[in-house]
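Worksheet: the structure to be examined is printed underneath.
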Amino acid sequence: METFYRDSWVEVNLSAIEYNIKQLRQRLNSETKIYAVVKANAYGHGDERVAKKALESGADGLAVALLDEAVKLRKAGFTAPVLVMGWIRPEDAPLAAEREIAVTVFQEEWLRMVDSSQLSKPLKLHMKWDTGMGRIGIRTTEEMDRILPLIKEQPNFKLEAVFTHFATADEVSLNYFEEQEKRFYKLLSHFERVWSGNVEFHIGNSAASMRFPDRMKQYVRFGISMYGLYPSNAVKEERPIDLKPAFSLQSRLVHVKRLEAQESISYGATYQAENEEWIGTIPLGYADGWIRKLQGMEVLVNGKRHPIVGRICMDQFMIRLDQEYPIGTKVTLIGKQGDEEVTTDEVADYLETINYEVPCMISNRVPRVFIEDGQIVEVNNPVK
Ligand SMILES: *Cc1c(COP(=O)(O)O)cnc(C)c1O
């Protein structure tokens with residue numbers, strides 16, 4: 001196993017990922033299949049290892065945002081269906097076809113620009129319908145009528161699926177969600193009149209698939225909750241399935257010292273000790289994604305909360321300790337120590353953002369350690 005030489009690391013609990021997929025599996029109808037969403041390096045967890053675990057745990061395919069991410073998975077040897085949910089350049093379509101990567105289509109000019117003579121294999125297409133997210137996709141039956149003939153006339157184009165994405169599936173009010181559903185069914189009834197051929201549908205993200213399993217089609221796209229996080233506080237309270245967080249962030253004290261009253265800490269000397277205090281230094285900083293806005297946030301040492309004091313530096317930050325601790329004492333920035341826990345949600349709240357952003361922002365400079373049944377099974381070491 002590759003090792004690393006710093007005392008900060010992310011732990012990714014693969015058993016939790018398996019647990020979360022199995023929880024969703026039990027809630028879905030048995031015909032509904034699961035795409036494990038592993039875009040953005042599996043939301044910062046580590047895409048290849050998470051993809052492997054997800055497929056072993058019952059996921060049927062993988063979904064990413066970028067062609068680059070899909071090609072990376074293929075190069076790593078994954079043979080499962082892979083879907084790119086974002087736009088790709090038409091000139092890259094031959095690469096997608098060659099690698100048997102399904103791509104998202106919704107533009108006439110895109111379909112005209114793909115040089116189908118360059119396709120070595122059929123190009124798998126998922127047509128995107130924008131039913132209210134306002135991001136990508138066709139919005140009207142007229143657009144559909146212009147696009148479908150362009151797909152039909154190319155024997156190398158294979159329309160595998162149609163999909164849409166909800167903007168508010170995680171909210172208490174279902175008005176907009178149901179408005180989107182209505183638009184989807186309106187487009188669907190038109191589609192069924194004009195298209196013959198076997199096509200699958202997928203509409204659900206984590207929120208929709210957990211909350212409304214009976215309203216899902218052939219596939220769901222399971223992202224944030226595969227990693228053990230609820231998509232919103234509303235869904236967390238509703239708790240449609242039980243989830244276990246997979247991500248934790250750990251470090252160790254590398255220096256501990258006694259400060260006299262009135263002495264200061266870090267750039268700008270923004271923190272001044274009121275009394276004599278124990279101060280610990282942690283080897284992680286904003287270059288690791290532990291951003292300066294986290295000044296004042298608490299971390300766990302010896303099962304207790306301790307505040308971050310002074311400005312967070314690029315590679316280090318300081319905390320105020322309740323007593324002296326030895327060098328090497330474990331510090332948990334996200335995760336549990338004994339009965340105490342700092343959750344990803346708490347960090348997100350502190351930063352006035354959503355939990356999705358937190359594991360994504362922990363940079364690749366921080367090694368990912370993968371744990372299965374309490375054992376380390378792999379280390380993603382940035383120092384190659
Ligand atoms: C990211 C993404 C998902 C996954 O959403 P979660 O809320 O993380 O489950 C599903 N579909 C599309 C189109 C996405 O971009």
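Test of understanding: among 151, 136, 147, which residue is of a type in the set (Val, Ile, Thr) and either within 16 Å of the ligand (Cβ to nearest atom) or not assigned by TED's automatic domain parsing to the domain that holds residue 220 (or both)? Please lay out each step first, then the result.
Numbers: 151 fails: either within 16 Å of the ligand (Cβ to nearest atom) or not assigned by TED's automatic domain parsing to the domain that holds residue 220 (or both); 147 fails: either within 16 Å of the ligand (Cβ to nearest atom) or not assigned by TED's automatic domain parsing to the domain that holds residue 220 (or both).
Just a single option satisfies the conditions, and that option is 136.
Would you check if residue 364 is buried (at least 19 other Cβ atoms within 10 Å of the Cβ), out of contact with any strand residue (DSSP E or B) (no Cβ under 7 Å at 6 or more places or on another chain), assigned to a loop (DSSP other than H, G, I, E, B) and touching a residue at least 60 places away in the same chain (Cβ under 8 Å)? Write out each step before concluding.
Values: buried (at least 19 other Cβ atoms within 10 Å of the Cβ): no; out of contact with any strand residue (DSSP E or B) (no Cβ under 7 Å at 6 or more places or on another chain): yes; assigned to a loop (DSSP other than H, G, I, E, B): yes; touching a residue at least 60 places away in the same chain (Cβ under 8 Å): yes.
So residue 364 fails the test.
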The number of residues in region 166-210 that are under 23 Å from the mean Cα position of the chain (by Cα), among the hydroxyl-bearing types (Ser, Thr, Tyr) and away from the ligand (no atom under 11 Å from the Cβ) is 1
If we keep only residues of region 25-53 that are among the hydrophobic types (A, V, I, L, M, F, W, C) and either crowded, with 24+ Cβ neighbours inside 10 Å or over 18 Å from residue 200 (Cβ atoms) (or both), then the residue farthest from the ligand (Cβ to nearest atom) is 51
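Answer yes or no: is there a residue in region 84-92 that is under 28 Å from residue 248 (Cβ atoms) and either modelled with pLDDT under 95 or part of a loop (DSSP other than H, G, I, E, B) (or both). Please lay out each step first, then the result.
To start, the set of residues in region 84-92 that are under 28 Å from residue 248 (Cβ atoms) comprises 85.
Restricting the remaining residues to those that are either modelled with pLDDT under 95 or part of a loop (DSSP other than H, G, I, E, B) (or both) gives 85.
Within region 84-92, one or more residues are under 28 Å from residue 248 (Cβ atoms) and either modelled with pLDDT under 95 or part of a loop (DSSP other than H, G, I, E, B) (or both).
For region 267-313, name all the residues that are surrounded by 13 or more Cβ atoms within 10 Å (Cβ to Cβ) and among the polar types (S, T, N, Q). Full working, then the answer.
Of the residues in region 267-313, the ones surrounded by 13 or more Cβ atoms within 10 Å (Cβ to Cβ) are 271-273, 277-295, 297-302, 304-313.
Matches in region 267-313: 272, 281, 295, 302.
The values are calculated or read from the model by the stated rules, or taken from the named source; none is laboratory data. This structure is a prediction, so every number in the text was calculated from the model and none was measured. Cβ: placed from backbone, ideal geometry, glycine included. Neighbour counts: every protein chain shown.
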